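Asks: Take this structure first; my questions come after.
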Amino acid sequence: MGNLFNINSVLYRILAKIGNLVILNLLFLICSLPVVTIGASSTALYTVTLKMAKDRENYIVKDFLYAFKKNFRQSTIIWVLLLFLAIILLVDANLCNALAGPGIIVLAVLIRIFMLIWIMIFTYVFPVLAKFNNTVKATMKNAFVMSGVHLFTTVVTVGMNCLPFAFLYFSEKNLIYIVGIYTGIGFAGIAYLNSTLLNRVFQRYMDDMDEEESLWEP
């Protein structure tokens, strides 16, 4: 029985990983409260989970806060830009729903295509920023290119990110469970699962480069 809780046992490592994810999730929620800092929090979150997925995490709190501060400017610019584009797309989509005509149908299709592109970029951009040093423009471009090239990973990660919306679609009663799970471990847990796939994608672009080295210049 004592071997189960040995520091080198599988059970101990699993429990330690879960504990770290709970701490990481709390940090993410606290640092995301101002809303405008969600981008920086997301980048810091993935900075840690990308390491955790390789069992290379060191100090969870220290690493998160360091990444939050280091990437704050670029992350915030990207987040505000994406938020602004999302608002425009949602407003346009609602306008199209209220109107009719052949031209409106074409416009509605185009808007949905741009929404899909937005989702693909959003899924990759903060992990890409967490992994590689680059400009805002290059980071956005790289996120778009990777999401298009690695469609299987994109579909899975987008699906993981959309899980709470899927559960909510089946029943509004699931909201209480969703809030509970995501308050406790959900955001960090999903980021960790996504990171196991994203690490494989990023490795293809690193070759002999060190982590956090520039990827593609604009």
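The values are calculated or read from the model by the stated rules, or taken from the named source; none is laboratory data. These numbers were taken from a predicted model, which means no experiment stands behind them. We place every Cβ from the backbone using ideal geometry, glycine too, and count neighbours over all the protein chains shown.
Asks: Working carefully through the options L85, L107, L90, L11, find the one that is in contact with a Cys (Cβ under 8 Å, 6 or more places away or on another chain) and among the aliphatic types (A, V, I, L, M).
Replies: Step by step, each of L85, L107, L90, L11 is checked, and only L107 is in contact with a Cys (Cβ under 8 Å, 6 or more places away or on another chain) and among the aliphatic types (A, V, I, L, M).
Asks: Identify, by number, the condition in (1) surrounded by 15 or more Cβ atoms within 10 Å (Cβ to Cβ); (2) in contact (Cβ under 8 Å) with a residue 40 or more places away in the chain; (3) among the β-branched types (V, I, T) that V80 doesn't meet.
Replies: (1)
Asks: Here's another thing I want to ask about it. Is there a residue in segment 7-28 that is modelled with pLDDT of 85 or more, under 24 Å from T196 (Cα atoms), of a type outside the set (A, V, I, L, M) and within 14 Å of the chain's Cα centre (by Cα)?
Replies: yes
Asks: Restricting to segment 184-196, count the residues that are in contact (Cβ under 8 Å) with a residue 40 or more places away in the chain and buried (at least 17 other Cβ atoms within 10 Å of the Cβ).
Replies: Qualifying residue count for the region: 9.
Asks: I've got another one for you. Check whether at least one residue in segment 51-66 is of a type in the set (S, T, N, Q), under 25 Å from L197 (Cα atoms) and at pLDDT below 95, and report yes or no.
Replies: yes
Asks: Assuming Y192 fulfils every condition listed in (1) at pLDDT 90 or above; (2) touching a Pro at 6+ places or on another chain (Cβ under 9 Å) apart from one, which condition is it?
Replies: Failing condition for Y192: (2).
Asks: For segment 195-214, how many residues are within 19 Å of the chain's Cα centre (by Cα) and at pLDDT below 50?
Replies: Residues meeting the conditions: 2.
Asks: Does K131 satisfy being under 22 Å from K54 (Cα atoms), of a type in the set (K, R) and surrounded by 12 or more Cβ atoms within 10 Å (Cβ to Cβ)?
Replies: yes
Asks: Still on this structure: Quick check: is even one residue across segment 171-183 more than 17 Å from V80 (Cα to Cα), out of contact with any strand residue (DSSP E or B) (no Cβ under 7 Å at 6 or more places or on another chain), crowded, with 16+ Cβ neighbours inside 10 Å and not β-branched (V, I, T)?
Replies: Yes, because at least one residue in segment 171-183 is more than 17 Å from V80 (Cα to Cα), out of contact with any strand residue (DSSP E or B) (no Cβ under 7 Å at 6 or more places or on another chain), crowded, with 16+ Cβ neighbours inside 10 Å and not β-branched (V, I, T).
Asks: Across segment 40-66, what is the number of residues that are part of a helix (DSSP H, G or I) and under 21 Å from V201 (Cα atoms)?
Replies: Looking only at that region, the number is 11.
Asks: So, one more: Quick check: is even one residue across segment 74-88 touching an Asp or Glu at 6+ places or on another chain (Cβ under 8 Å), part of a helix (DSSP H, G or I) and of a type in the set (S, T, Y)?
Replies: no
Asks: Of (1) without any contact (Cβ under 8 Å) to a residue 12 or more places away in the chain; (2) crowded, with 18+ Cβ neighbours inside 10 Å, T154 satisfies all except one. Which?
Replies: It fails just one condition, (1).
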